[in-house]
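Following: one structure in structure tokens, then a few remarks.
The values are calculated or read from the model by the stated rules, or taken from the named source; none is laboratory data. Because the structure is predicted, anything quoted here is derived from the model rather than measured. Note: ideal-geometry Cβ built from the backbone for every residue, glycine included; neighbour counts use all protein chains shown. These area figures cover heavy atoms from the full protein model, side chains too; ligands, DNA and RNA do not enter into them. Shrake-Rupley method; radii C 1.70, N 1.55, O 1.52, S 1.80 Å.
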Amino acid sequence: MVEGLIQGVGFRPFVYRLAKKHHLSGNVANRTDGVVLNLYGDEKKIDVFTKEIELLAPPAVEIKNIHKTFIDDFFSDDFYILPSKSIDDHITEISPDIAVCDDCLNDMKNQQHRLSYPFINCTNCGPRFSIIKALPYDRSKTTMDKFEMCPICNSEYYDVDDRRFHAQPVACNNCGPEYKVDNHSGFNLILDKLTETIDNGGVVAVKGLGGYNLICDAANERAVIELREIKGRDAKPFAVMFPDLETVQTYCYLSKAEKEILESWRKPIVLLKEKKQLARQINSGLPSIGAILPYLPFHYLLFEKLKSKAIVYTSANISGEPIIWNDKKASLILENNVATFVNHNRDIENPIDDSVVKVVNDKNQIIRRARGYVPNPIAIRKNVEGVFAAGAELKNCFCIGKGKNAILSQHAGDLKNLETYNFYKSTVTNFFDLYRFKIKVVACDLHPDYLSTQFSEDLVKGNLNGNRVPIIKVQHHHAHIVSCMAESQIEDKVIGVSFDGTGHGSDGNIWGGEFLVCDSRSFERFAHFEYVKMPGGDLAAEEPWRMALSYLSKYSIVARNKLDCFAKIDSTKLELVGKMIESSINSSLTSSAGRLFDAVACLLNLCSENSFDAEGPMRLESIIDESEKRHYPFTFNEGIISFEETINRILGDLNKVSIPRISAKFHNTMVNVICEVINKMRKETGINKVVLSGGVFQNKYLLENTIYRLKENKFETYTNHLVPPNDGGIALGQLLIASNYM
Ligand code: ZN
Ligand code: ZN
Ligand code: FE
């Protein structure tokens, strides 16, 4: 029996060919818990065969375990691939989309019917999730159904010795999908047009795997500005696609772990440290680059002709909306705004963005979980069949339970955006149909106003055929911590540290600097950051100066007029917000760590107004002087952590100590806060396991230094690796918590 991510990724044909090679007979079959292999033949050959399974397996296969047992009376005359028996077996078979493999790139140069064919794929690579309409995974149930295989493709498809045996999206120049520009096909002509436009500083829109993408020369400032205009002035840093690893290393610093994930078959965007600057507009001056390598055959063909060695590669969407995948909408919104608009005729069934990953402590941290990851299931220790977890509101993903698997949806985005909310609703329907999902329990956030909460309430009220389904409302930060417990399969009580931007607390306030003692059922709030006012509610998260003002007012600091950070703010606005704080109008209370980082970023005059999510904290982290080991004082009394002294000392340091040093001292203070509080928690509870989760832990300096210190203090530390520590991972925690109520 072989366990791991091995279904729907060409494992059985691979095993078949390997068995033939070693003259072994027997059979191979899928089961929900793995792949079962029965072998008959020479024992030594079986040993070599087993070793080669691990050594030679297709790229997307991840083997976790191989269990061997001897059967006395087994005999087989040949080797067979046994058909799957039940629909449940098919469920784990939906593979994520896989980047084009080396063999296919080679075929693209040599196989007559696939010369320069931009949709080339095989059993080991190509589109999967993005094209599947229903199960079992079979060509007729994908968006490849409208393309009839030519005789050559057909013979490859049925030839068990061929690399394309049962490759559902198999296609070639004679029979497969094709790119189009102005309704003309002819791929060479299209490539010429594209490369000409990009090299001359124009912006192009191209239909990709999971949606449309916007592309331009990443070294051309004006082109990047134009691209931003098209996207509705979205200020988020753009991803940059480089033709190869060598070019990545010209522009970015690359560690071994970063190189590994960048080159993996998942081909995510990897956040790297910038070495050489491209157009400044790409990352608004932040010293990092979201690098990505080619993953479609089309990308390789494009770079072969392109002069430009780095291109902006971003999903075509209007700021805040989901990726555009629908052809009609694309031509309506994009066609007239870009210099060249390229389409293709393979439909996108499940729209999906590129994933975003970064490496922290030599391990992958997922920031956005989408292409290459979804819908890989996450193994749970218990049966979670029938649990639907609706997720949070920002960076939304939802999650469904199938057997002992949790399956998370692709990243949707901010549900407050109508288009995104529609995308969310249709994806939920898709998942329910695709996985033949029957709801037993619904989990959602405690926040009454989250659209995902309202959606859940409607779901429970609605037509569930009269069946009463419980709805479990889960506290946001409890869900963050449990998302990590689910990944690591921890069942006992832990110390949970959730540093986050926002989240509805059990007392109605907005939490986010939380120390919890919890398991997957319940939690106790052991300590938290001191409450401060959030003048203007959600606006305070977009405008860090409001939080800076709030902290100053809280600690009765009257330095406002001397601080540069308020100089740019309209004085009437300043007065108004000052009064708001004084009289507690529209000023909810928050213990959020994210808001504290915002305030400090503003006080250091790094960011008074966010032009994208978490800009302030990102700027604060990006300038840290790592040689600075000192920190600021804080107080921790009766479960409340107060930053009065911290803020006062930061203001005292302004103009005396460099900003990078102040930032380091502030970050070091945060590490100290965590250590001091959890040491006390360990003393009182005897718990030694610490879970760190929440959006603020995307801060690499904070997380790496915290882990280092926790190790020194002999804590067992756990962080998210399979789902994001931000709200994109919340649904997994919700799911496990709600599974207790089935
Ligand atoms: Zn391939
Ligand atoms: Zn063909
Ligand atoms: Fe959160």
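Using the Kirkwood radius over C-alpha pairs as Rh, can you work out the diffusion coefficient of region 402-489 via Stokes-Einstein at 37 °C, viscosity 0.692 mPa s, in µm² per second? List each step's numbers first, then the result.
Working: Rh = 14.4 Å.
Answer, rounded: 229 µm²/s.
Per 0.36 nm of contour for each residue apart, how much would the distance between residue 572 and residue 713 grow if the chain were fully extended, relative to their Cα-Cα spacing?
Using 0.36 nm per residue and subtracting the Cα-Cα distance, I get 45.8 nm.
Relative contact order of the chain: what whole-number percent is it, with Cα pairs under 8 angstrom and at least 6 residues apart?
Values: 1622 pairs, mean separation 83.6, N = 742.
Relative CO of the chain lands at 11 percent.
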Carbon/sulfur accessible area of the chain, % of total, 1.4 Å probe, equals 48
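For 649, 222, give me the order by solvent-accessible area with a 1.4 Å probe, most accessible first, ignoring ligands, DNA and RNA. List each step's numbers first, then the result.
Working: 649 125, 222 195 Å².
Putting 649, 222 in descending order of accessible area: 222, 649.
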Exceeding 32 Å between C-alpha atoms, which entries from my cross-link table qualify? They are 473/533; 259/683; 51/438; 236/533.
259/683; 51/438
Counting only protein chains, not ligands or nucleic acids, how are 722, 302 ordered by accessible area (probe 1.4 Å), most first?
722, 302
What aspartates and glutamates could a cross-link reach from residue 20, if we take a straight Cα to Cα line under 20 Å and drop same-chain neighbours fewer than 8 places away?
42, 43, 47, 52, 54, 77, 78, 156, 159, 161, 162
Cross-link table 180/329; 64/395; 363/700; 109/267, entries beyond 20 Å C-alpha to C-alpha
64/395; 109/267
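Hey, what's the chain come to in accessible area per residue, 1.4 Å probe, Å²? Show your work: numbers first, answer last.
Numbers: 29850 Å² over 742 residues.
Result: 40 Å² per residue.
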Under a cut-off of 17 Å between alpha-carbon atoms, report the aspartates and glutamates in cross-link reach of residue 141, not counting same-chain residues fewer than 8 places apart.
88, 89, 93, 97, 347, 349, 433
Using Cα pairs under 8 angstrom and six or more residues apart, how large is the relative contact order of region 179-344, in percent?
37
Computed ³J(HN,Hα) along region 384-397: with the Karplus parameters 6.51/-1.76/1.60, θ = phi - 60°, integer Hz and x for glycine or proline, the list is 10, 3, x, 8, 10, 10, 7, x, 9, 10, 7, 6, 5, 9
Return the sequence-ordered ³J(HN,Hα) values of region 367-372 in whole Hz as given by the Karplus equation 6.51 cos²θ - 1.76 cosθ + 1.60 applied to θ = phi - 60°, using x for Gly and Pro.
9, 9, 9, 8, 3, x
Kindly sort 116, 308 by accessible area of their heavy atoms, largest first, with the probe set to 1.4 Å.
116, 308
Ordered by packing density, taken as the mean number of other Cβ atoms within 10 Å over each peptide's residues, highest first, how do 55-61, 349-355 rank?
349-355, 55-61
Which residues qualify? For residue 641, with a placed amide H closer than 5 Å and at least 5 residues away or on another chain, they are 528, 529, 530
Sorted largest first, the Cα spans of region 494-721 on the principal axes come out in Å as 52, 41, 31
Can you give the accessible area of residue 265 in Å² (nearest 10), computed on protein heavy atoms with a 1.4 Å probe?
30
Taking amide H atoms as placed 1.01 Å from N in the peptide plane, list the residues 5 or more away in sequence, or in a different chain, whose amide H sits under 5 Å from that of residue 26.
40, 78, 79, 80
So which chymotrypsin sites (Phe, Trp or Tyr not before Pro) in region 284-315 pass both tests, a DSSP loop state and at most 14 other Cβ atoms within 10 Å of the Cβ?
none
Name the GluC sites (Glu not before Pro) in region 618-649 that are in a loop by DSSP and that have at most 13 other C-beta atoms within 10 Å, would you?
626, 638
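Mind pulling up the Rg/Rh value for the chain? Radius of gyration and Kirkwood radius, both on Cα. Display every interim value, and only then the final one.
On the way: Rg = 26.8 Å, Rh = 27.3 Å.
That ratio is 0.98, to two decimals.
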Give the long-range amide H neighbours of residue 171: residues separated by 5 or more places, or on another chain, with amide H under 5 Å away, using H modelled in the peptide plane at 1.01 Å from N.
121
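Restricting to Cα atoms and excluding each atom paired with itself, what does the Kirkwood estimate give for region 2-81 in Å?
Working: mean 1/r = 0.0790 Å⁻¹.
Answer for region 2-81: a Kirkwood hydrodynamic radius of 12.7 Å.
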Eligible aspartates and glutamates near residue 193 by straight Cα distance, threshold 16 Å, same-chain separation 8 or greater
178, 182, 217, 304, 335
